[in-house]
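Quick notes on the structure that follows.
The values are calculated or read from the model by the stated rules, or taken from the named source; none is laboratory data. Computed from a predicted structure; not experimentally measured. Every residue, glycine among them, receives a Cβ derived from its backbone with ideal geometry; neighbour counts consider all protein chains shown.
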Amino acid sequence: MLVEANDATRMTAGGALEEPRRFRARRSSAAALRLPVRAPFHLEATVRVLQRRPTNLIDTWDGDNYRRVVRLADDFALLEVNNRGTIDAPDLRLSIRTDAGSARDREAAARTAREILGLEQDPAAARRHAQAEPALRETARALRGMRPPRYPGLFEAFANVIPFQQVSLEAGMSVVAHLVRRFGEVIDSNGRTYHVFPQAEAIAEARTVSVKRSGMSLRKTQSLRAAAKAIASGALSAEGLARLSSAEAIVRLEELGGIGPWSAALILLRGLGRLDVFPQADTGAESSLAALLRLRSRASLPKVVERFGDCRGYLYFYGLASRLLAAGLIHPAGKHSAHVNDSIRAHSR
């Protein structure tokens, strides 16, 4: 969308923003299209595991619609996705609101939406593995159609992993929210406010003390800035990692300061959609999975991970989604289908 800057924006001497860059959307066009998806597809479950918590400022869910702003080559685009069908008969619609009206821009935005929502992933193998685990069957049925989502940019993956090292999920979410507010852009459109995830350049050019104010330790701050500099300079790229096997990519990521096996695996899983990795030594995820699978100890978990083979990354999402189910943030597939059918009937009156 074409935007005009707010005059209130101010810069500090170190390049960090005292206030986020705020934009006011001008008149923009909206393109609507169907997103092909293999049934079943559980949009809510997919978005919720992408968010991790409803406090996520970037990826928003209002009960029916998923929204976020993405960057195009020279502009922003507001994506809105909803399912007019059901989990078992999905009718997925994408609205793209932007002033970059070229077909290429629309194709890029649609491709990004598909990547974020994991629509290219076939969940059949993971579903078969889940059905083979008696303790996982009920959860797998409740999450029927969930896809493994991913972040649309490599730096966004780093910034959603490093702040979470050895802290609670809530603490990590708080740090990311501070980073977004401090270094990202804000767009006001049609009475709504949308946050845009910061670019690697914004963190690379900021002073260490400015980034640290987001709530990270000095070590994590230095690690995030090192990753930002590597990505901004082109020394590290998603394209380069895509050419490597997962084992090779983990070795490459561990060459960066502050990135160990857990962080490297999670960056590949949530940033590049590599389902053949599982973030070992994630205390929260492993404890949730051990409880979900009714294991006597976490020491038994590696055997289950091995049985999932090349789709072991799904176990991470099952563990996370099980907690969201328990918190009432995901409607189980059967109940959600009924809820959607009721909504469709109500709107058709």
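Per-structure values
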quantity	calculated
Condition met for residue 157 (crowded, with 20+ Cβ neighbours inside 10 Å, within 24 Å of residue 314 (Cβ to Cβ) and of a type in the set (Gly, Ala, Ser))	yes
Matching residues, the range 93-120, being touching a Pro at 6+ places or on another chain (Cβ under 8 Å) and either without any contact (Cβ under 8 Å) to a residue 60 or more places away in the chain or not in a loop (DSSP other than H, G, I, E, B) (or both)	112, 115, 116
Where residue 197 falls short, out of the listed (1) over 25 Å from residue 68 (Cβ atoms); (2) in contact with an Asp or Glu (Cβ under 6 Å, 6 or more places away or on another chain); (3) hydrophobic (A, V, I, L, M, F, W, C)	(1)
Residue under evaluation residue 1, criteria (1) crowded, with 16+ Cβ neighbours inside 10 Å; (2) at pLDDT 95 or above, criterion not met	(2)
Among residues of the range 274-294, those that are outside any helix (DSSP H, G or I) and touching a residue at least 40 places away in the same chain (Cβ under 8 Å), counted	3
Residue check, residue 249 within 24 Å of residue 79 (Cβ to Cβ) and in a helix (DSSP H, G or I)	no
Those residues of the range 131-141 which are in a helix (DSSP H, G or I), in contact (Cβ under 8 Å) with a residue 24 or more places away in the chain and not hydroxyl-bearing (Ser, Thr, Tyr), in sequence order	135, 136, 140, 141
Residue selected from the range 160-183 under the condition of a type outside the set (A, V, I, L, M) and crowded, with 21+ Cβ neighbours inside 10 Å, by the criterion nearest to residue 75 (Cα to Cα)	183
Positions within the range 213-246 being in a helix (DSSP H, G or I) and either closer than 11 Å to residue 179 by Cβ or in contact with a Pro (Cβ under 7 Å, 6 or more places away or on another chain) (or both), in sequence order	220, 221, 224, 228
Pairs where the first residue, in the range 325-343, is modelled with pLDDT under 95 and surrounded by fewer than 17 Cβ atoms within 10 Å (Cβ to Cβ) and the second is not small (Gly, Ala, Ser) and not in a helix (DSSP H, G or I), C-beta under 8 Å, 6+ apart	339/331; 341/86; 343/64
Among the residues listed as 144, 128, 150, the single one being in a helix (DSSP H, G or I) and either at pLDDT 95 or above or surrounded by fewer than 20 Cβ atoms within 10 Å (Cβ to Cβ) (or both)	128
Among the candidates 237, 245, residue that is in the same structural domain as residue 158 (by TED's automatic domain parsing), polar (S, T, N, Q), in contact (Cβ under 8 Å) with a residue 40 or more places away in the chain and closer than 28 Å to residue 114 by Cα	237
From 138, 133, 156, 80, residue being in contact with a helix residue (DSSP H, G or I) (Cβ under 9 Å, 6 or more places away or on another chain) and within 27 Å of residue 334 (Cα to Cα)	133
The listed residue being buried (at least 17 other Cβ atoms within 10 Å of the Cβ), among the polar types (S, T, N, Q) and at pLDDT 95 or above, out of 217, 210, 189, 233	210
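Table: residues versus (1) farther than 20 Å from residue 52 by Cα; (2) within 17 Å of the chain's Cα centre (by Cα).
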| site | (1), (2) |
| --- | --- |
| 121 | no, yes |
| 135 | yes, no |
| 139 | no, no |
| 142 | no, no |
| 173 | no, yes |
